[in-house]
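Participant: Take a look at the following structure, please.
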């Protein structure tokens, strides 16, 4: 590996949401959003996957989920289950998006939707 090249951790690249997240970043960037990925390391445990800002629409924390996910497991990690409600109490919104589509994009212009996905 050449010096200075950073390879994302394999765990993150193998997540089912990795492709959805990459597509979503391209989709948002094409619409003038500046998008930062969180790293998912120990220091950012419980953080949403993306932080996006737009000069007109402001900022959004975005949690990316696999649209094909099935089962009864919680949609959020234990750290997210702890932090998301606390963030909401401080008026920090979190939007769950499941794809790079116009209907998913439209969710960013509605109230934060993370509570819809609680089990």
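Read-outs: derived from the displayed coordinates by stated rules, not from any lab. Being a predicted model, the structure only gives us computed values, none of them experimental. When we count neighbours, we look across all protein chains shown, and the Cβ atoms used for this are built from the backbone with ideal geometry, even at glycine.
Participant: Considering only residues of segment 64-94 that are buried (at least 17 other Cβ atoms within 10 Å of the Cβ) and touching a residue at least 40 places away in the same chain (Cβ under 8 Å), which is nearest to residue 45 (Cα to Cα)?
Facilitator: Restricting to residues being buried (at least 17 other Cβ atoms within 10 Å of the Cβ) and touching a residue at least 40 places away in the same chain (Cβ under 8 Å), the top hit is 76.
Participant: I've got another one for you. Among the residues of segment 106-118, which ones are without any contact (Cβ under 8 Å) to a residue 40 or more places away in the chain, in contact with a strand residue (DSSP E or B) (Cβ under 8 Å, 6 or more places away or on another chain) and assigned to a helix (DSSP H, G or I)?
Facilitator: Selection gives 107, 116.
Participant: What is the number of the single condition among (1) surrounded by fewer than 18 Cβ atoms within 10 Å (Cβ to Cβ); (2) under 13 Å from the mean Cα position of the chain (by Cα) that residue 103 does not meet?
Facilitator: Just one mismatch for residue 103, condition (2).
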